Each structure stands twice: as C-alpha cells, then as structure tokens.
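Novice: First the structure, then my questions, so here it is.
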Amino acid sequence: MAMFQEAVSAPVRLGSRGAGWRYRLARLVLLPLGFALAVLIAWELFCRASDVSPELLPPPSAVWSVLSANWGILFQQSVPTTFETIISFVAATLLGVALAVAITFSARVREALYPNIVMFQLIPKIALAPLFIVWLGVGSRSCIVVAIFIAFFPVVVSTTTGLVSAKPEVMQLCRSLTASEWQMFRLARFPYAMPFVFAGMKVGVTMAMIGVIVGEFITAQAGLIMFASSAGETATVLAAIVLLCGIGLALFCLVALGEIAVQRWCGGEMPVGGSI
C-alpha cells in the first residue's frame, strides 16, 4: 500500500520558479492597478471637462470624499453584508462539493440530480423571492438562501469535473492494487480535483456576494446597499459599491491564499487542474 500511496499522490509540477518570478508577480499586480488608475483619471478628467451633473455622475474625487467622511457608518453597514456573504459562501461550497461527490460516485444519482440542478439554476432567482419571503420572512435568512442558490452551481460543476479528471492510468493502478473506493477517492480523485474545487470556490465567492446584494434589494432590512440606496445620492451609492468591491476582493484573496496553503501542504505542488 505504500507503493500505492506514493504512486497516486505523485503531483505534477505547476511550473518552476525561475529567476523572473518577481517580474511576473510585479506584472500581475502593477498592470491591473495601472489600468484601474488610468480609468479613474480618465473618469475624473471627463467629469471636470464636461457638463455632466455630479448628481448623475460624480467624479472619483467626490466618491472618495464621501467614502472618507462616512467611513465609520459605511463600514458598520457592511458588516451584515459581509457576514451573510461568508455564511452563504461556506454553505454553497459544502453543498456543491457534497452534490459533486454524490453525482460522481453514483450513476443513478447523477442521472436523477444533474439535469434538475441545471434546470433549477436556469430559474431566475428573483422569481423565487416571494416564496423565500413567505417561507423565511424578511431579513438575512432570505438573503442567505438566495446567495446559496446562486453560488453553489459553479462549485458543483467545477468539483464534478475535477473528480472525474484523475488520470486513467492512476485509477487503473488503484484497482490493480485492490484499493477501496474510499482510498481511491482520498488518494487519487480528491487530490486531482483540488484545483477545480478552488476554481469553483473563486467563482462561488463572487456569486455569493452578488446573491447577498440581490437579496438585500428584495428582502433585507439592513445592509450596505440598503443604506446607500436610502441616502438617495449617487456618490454615496458609488462609495458603497467601492467598499463592496474591496470586500469581495478580500474574500477572493482569502480563497486564493487557501489554495496556496493547500498547495504547500501537498509539498509545494498540486496536480494539474483548472485553477484560475
């Protein structure tokens, strides 16, 4: 069995760290920052040079002034949104992975569930809002359920793809060594699926944020978007959007750091997969 573990857990290198890795890292950071800065400068110059009303399109400087002056209350209102996003993302990830495992290991479950999952995903979630209000009431519970139903589908698809992506020769070796289904899953299928799982989680965390915001528009009594909308000022709404983008980016980075941690736990390498 030692030979079996060594054979199926042998990773494939994602890429060697050459002398120019710092240059590549700098490009990954500086290029998007430079593009965003150029867009903001162009936006500011356009607002100053044109006759567009600040109530219709405030310049970035006005948005920054609102964000700085109201940072405390904006941050306070962002707490429910962030909390609901995290809960929704965790629940969607657990639900998605569980469904993917069930779909992978049982042909009958796959034939029964997968078409219905796809069909359910095609239903506009806003059309289910009245039912969520009736079942769960107005508040955070409805927001969380809406976000879960929006975010779990990418996790299901990515994880299912990863669980069936283990190399055929590795699976054949497992069977020749009389490995059980659990051993094959733990030592072969799941390690090869990890990049796909994290790819689905990266999409899922952004979808969870979108789902919570949609839920706030429909059912919520508190939250950042509700506060910004009630203010009735375009600059306040844009400031809230900027803060939401920062929160979403932070959550995305946490998922990416989790992927790096798993990669290092696997010895600094991971099997080839669909990681973003």
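The values are calculated or read from the model by the stated rules, or taken from the named source; none is laboratory data. Not measured: the values here are computed from a predicted model. Here the Cβ positions follow ideal geometry from the backbone for every residue, glycine too, while neighbour counts run over all protein chains shown. With ligands, DNA and RNA removed, areas are computed over all heavy atoms of the protein, side chains included. Shrake-Rupley method; radii C 1.70, N 1.55, O 1.52, S 1.80 Å.
Novice: Step through the residues of segment 78-90 one at a time and calculate ³J(HN,Hα) from phi using the Karplus curve (6.51 cos²θ - 1.76 cosθ + 1.60, θ = phi - 60°), rounding each to whole Hz and writing x for Gly and Pro.
Specialist: 7, 4, x, 5, 5, 4, 5, 5, 5, 4, 4, 5, 4
Novice: Now a separate question. Per residue of segment 187-192, what does 6.51 cos²θ - 1.76 cosθ + 1.60 with θ = phi - 60° give for ³J(HN,Hα)? Whole Hz please, x for Gly and Pro, Karplus curve as stated.
Specialist: 9, 10, 5, 5, x, 5
Novice: Follow-up question, since we're still on this one. Would you work out what percent of the accessible area of segment 69-225, with all protein chains in place, is carbon or sulfur (probe 1.4 Å)? Kindly include the intermediate steps, with their values, before the conclusion.
Specialist: Working: 5340 of 7470 Å².
Answer for segment 69-225 is 71 percent, counting heavy atoms of protein chains only.
Novice: What is the distance in Å between the Cα centres of segment 122-149 and segment 196-217?
Specialist: Taking the Cα centre of each part, segment 122-149 and segment 196-217 sit 15 Å apart.
Novice: Which ³J(HN,Hα) values in Hz, rounded to whole numbers, follow from the phi angles of segment 35-46 under the Karplus curve 6.51 cos²θ - 1.76 cosθ + 1.60, where θ = phi - 60° and Gly and Pro get x?
Specialist: Each residue's phi maps through the Karplus curve to give 5, 4, 5, 5, 5, 5, 5, 4, 4, 4, 5, 5 Hz.
Novice: With every protein chain present, what is the per residue accessible area of segment 84-159 (1.4 Å probe, Å²)? Walk me through the numbers before you get to the answer.
Specialist: Details: 3760 Å² over 76 residues.
Accessible surface, normalised per residue, equals 49 Å².
Novice: For Ile241 and Gln121 in the same chain, what is the full-extension length gain: residue separation times 0.36 nm, less their Cα-Cα distance, in nm?
Specialist: Details: separation 120, 0.36 × 120 = 43.20 nm, distance 2.61 nm.
Computed gain between Ile241 and Gln121 is 40.6 nm.
Novice: I need the calculated FRET efficiency for the pair Arg48 and Arg22, taking r as the beta carbon distance and R₀ as 30 Å, to the nearest 0.05. Kindly include the intermediate steps, with their values, before the conclusion.
Specialist: Numbers: r = 38 Å, r/R0 = 1.26.
My answer for the efficiency is 0.20.
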